[in-house]
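Below you'll find the structure, written out as structure tokens, and then a few comments.
Values in this text are rule-based calculations from the coordinates and carry no lab data. Quick caveat, the model's predicted, so the values are computed rather than measured. FYI the Cβ positions are ideal-geometry reconstructions off the backbone, even for glycines, and counts take in every protein chain you see.
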Amino acid sequence: MENLDLSPPTVILGIWLAWVISWLAAAAWSKPAARKAGLAREFLYRAAIFGGALVLAVLRRFPHGLDTRLWPPSPDLQWGLVAAVAAGCLFTWWARLHLGSLWSSNVTRKDDHRVIDTGPYRIVRHPIYTGMILALLATALEYATPLVFAGIALMIIGIVMKARLEEGFLRSELGKGAYDTYARRVPMLVPFWPRRTD
């Protein structure tokens, strides 16, 4: 046990690993889709997220100093970033549990799909994506290398693209009026962001 590495980067890696394993294990807890957006419409956001993950996966093999820290982190900042990663992952789980069997990894509509505006969905319209973005940004600041920033930027771009696709799909499937009423009350990704007034 004395060789156990409990440094902030290792703890962050452990949090992400636990999140990914638990997220994939819970994938079966979802109702079948009544209608899907389709892979063609999902290609761009998937390519961005996968591309960002691929950049992160080859981090240590990339040449030319792109894996060199841009600044030295203080221990207090590092542990604060660990807490932010954990908070982001917990926020995604709160949202997923609240959504229940309506959750899907794809952009879909379930048989009894409706606008969910309670729990974390009263804070932002896409709390799973908000939690992921928070955890990814904290991870980027912890590792603070050009390659990590590039990979995480690609993943966040993909997440925002998916949120926008999902919004358009749900407006067409659930009714523009119902979804727009919700969108006027609740910000898309950033809590307390000014709401739509149109």
Q: Using packing as a proxy for protection, rank 113-124, 144-155 so that the peptide with the highest average count of other Cβ atoms within 10 Å comes first.
A: 144-155, 113-124
Q: Return the FRET efficiency for the residue pair LEU90, ASN3: r is the Cβ-Cβ distance, R0 is 41 Å, and the value is rounded to the nearest 0.05.
A: 0.90
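Evaluate the charge dipole of the chain about its Cα centre and quote only its size in Debye, nearest 20, assuming +1 on the Cβ of each Lys and Arg and -1 on the Cβ of each Asp and Glu.
Details: 22 positive and 14 negative charges, 180 e Å.
Dipole of the chain, to the nearest 20 debye: 860 debye.
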Q) How do the peptides 96-106, 15-25 rank, highest first, by the average count of neighbouring beta carbon atoms within 10 Å per residue? A) 96-106, 15-25
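Given the Cα atoms of region 103-198, and with Rh set as the inverse mean 1/r over their pairs in the Kirkwood sense, what is Rg to Rh to two decimals? Numbers along the way, then the final one.
Numbers: Rg = 14.8 Å, Rh = 14.5 Å.
Taking Rg over the Kirkwood Rh, I get 1.02.
Taking the Cβ of PRO8 as the center, what net charge do the other residues with Cβ under 13 Å away carry, scoring Lys and Arg +1 and Asp and Glu -1? Don't skip to the end; give the middle numbers.
On the way: positive: ARG69; negative: ASP5, ASP76, GLU142.
Within the 13 Å Cβ shell, the charges total -2.
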Q) How far is helix 8-25 tilted, in degrees, relative to the longest principal axis of the Cα atoms in the chain, given as a value from 0 to 90 rounded to the nearest 10? A) 30
Q.
Highest mean first, how do 37-47, 156-166 rank when packing is the count of other Cβ atoms within 10 Å averaged over residues?
A. 156-166, 37-47
Q: Using only Cα atoms, find the angle between the long axis of helix 146-174 and the longest principal axis of the chain, and express it within 0 to 90 degrees, rounded to the nearest 10.
A: 10
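Could you size up the charge dipole of region 132-189 around its Cα centre, putting +1 on the beta carbon of Lys and Arg and -1 on that of Asp and Glu, and report it in debye to the nearest 20?
Working: 6 positive and 5 negative charges, 45 e Å.
Magnitude of the dipole: close to 220 debye.
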(Q) Testing the spin-label approximation: label points 7 Å from Cα along Cα→Cβ at ARG69 and SER22. State their distance in nm. (A) 2.8
Q. Going by alpha carbons, how many degrees (0 to 90, nearest 10) lie between the helix axis of 176-185 and the longest principal axis of the chain?
A. 50
Q: Would you be so kind as to identify which of PRO187, SER74, ALA144 lies farthest towards the positive end of the dipole of region 68-198, taking Lys and Arg as +1 and Asp and Glu as -1 on Cβ and the Cα centre as origin?
A: PRO187
Q: Go ahead and run the numbers for FRET between ALA57 and HIS98, Cβ-Cβ distance against an R0 of 30 Å, rounding to 0.05.
A: 0.45
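What do you get for Rg/Rh over the chain if you use C-alpha atoms and the Kirkwood form of Rh? If you can, show how the numbers build up before the last one.
Values: Rg = 18.1 Å, Rh = 18.2 Å.
Ratio of gyration radius to Kirkwood radius for the chain: 1.00.
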